[in-house]
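Asks: Dropping a structure here in structure tokens format, bear with me for questions.
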Amino acid sequence: MGWIIGRAAAMENPEKAREKALRKLHGLGALDDPEALVVPILLDAILLVESYRGARHQPTFLPELTKSVDAMLRELTLNEKADLWAAE
């Protein structure tokens with residue numbers, strides 16, 4: 001797979017690495033069931049963040065992953081609460 005970013009490139013310029021990954025992800029819309037591919041990755045990201053939260057030796061990008069996972073969970077929680085309030 002020629003698009004793989006590589007650890008050195010990701011460490012050198014994380015923003016450029018994210019842009020490269022995002023360009024690749026734009027093709028998800030053309031797949032038959034993109035959710036079937038994305039949801040397991042999101043679950044893994046959540047579990048990774050939670051398993052390393054507060055750990056002494058953390059993976060390099062854990063703070064960014066933690067921030068994005070927390071933001072996603074916060075938005076999902078707000079949506080759930082809004083749905084519950086709307087149903088009342």
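The values are calculated or read from the model by the stated rules, or taken from the named source; none is laboratory data. Every value quoted in this text rests on a predicted model; they were computed, and no experiment measured them. All Cβ positions, even for glycine, are placed from backbone atoms using ideal geometry, and neighbour counts span all protein chains on display. With ligands, DNA and RNA removed, areas are computed over all heavy atoms of the protein, side chains included. Shrake-Rupley method; radii C 1.70, N 1.55, O 1.52, S 1.80 Å.
Asks: How long are the three semi-axes of the equivalent ellipsoid of the chain, in whole Å, if each is the root of 5 times an eigenvalue of the C-alpha gyration tensor, listed from largest down? If you can, show how the numbers build up before the last one.
Replies: Numbers: eigenvalues 149, 85, 25 Å².
Equivalent ellipsoid semi-axes, largest first: 27, 21, 11 Å.
Asks: A further question follows. Hey, got a sec? Which trypsin sites (Lys or Arg not before Pro) in the range 8-79 land in a DSSP loop and have at most 15 other Cβ atoms within 10 Å? Walk me through the numbers before you get to the answer.
Replies: Details: sites: 16, 18, 20, 23, 24, 53, 56, 67, 74; in loops: 53, 56.
When the trypsin sites (Lys or Arg not before Pro) of the range 8-79 are filtered for loop state and at most 15 Cβ neighbours within 10 Å, 53, 56 remain.
Asks: Can you work out the accessible area per residue across the chain, with the rest of the protein chains kept in place, probe 1.4 Å, in square angstrom?
Replies: Ligands and nucleic acids excluded, the result is 83 Å² per residue.
Asks: A further question follows. With +1 assigned to the C-beta of every Lys and Arg and -1 to the C-beta of every Asp and Glu, and no other charges, what is the dipole magnitude of the chain about the Cα centre in debye, to the nearest 20?
Replies: Values: 11 positive and 14 negative charges, 119 e Å.
My answer is approximately 580 debye.
Asks: Subtract the Cα-Cα distance of residue 64 and residue 52 from 0.36 nm times their separation in residues, and report this length gain in nm to one decimal.
Replies: Details: separation 12, 0.36 × 12 = 4.32 nm, distance 1.26 nm.
Full-extension gain reported as 3.1 nm.
Asks: How high is the FRET efficiency from residue 79 to residue 5, r the C-beta distance, R0 30 Å, rounded to 0.05? It would help to have the intermediate numbers written out before the result.
Replies: Details: r = 31 Å, r/R0 = 1.04.
The calculated FRET efficiency here is 0.45.
Asks: Something else now. Would you calculate a helix-derived [θ] at 222 nm for the chain, using -39,500 (n - 2.57) for each DSSP H run of n ≥ 4 and dividing by the full residue count, to the nearest 500? Write out the running numbers ahead of the final one.
Replies: On the way: 4 runs with 63 residues, N = 88.
After summing the helix terms and dividing by the residues of the chain, the value is -23500 deg cm²/dmol.
Asks: Find which of 71, 5, 85 sits farthest along the positive direction of the dipole of the chain, computed with +1 on the beta-carbon of Lys and Arg, -1 on that of Asp and Glu, about the Cα centre.
Replies: Towards the positive end, the residue furthest out is 5.
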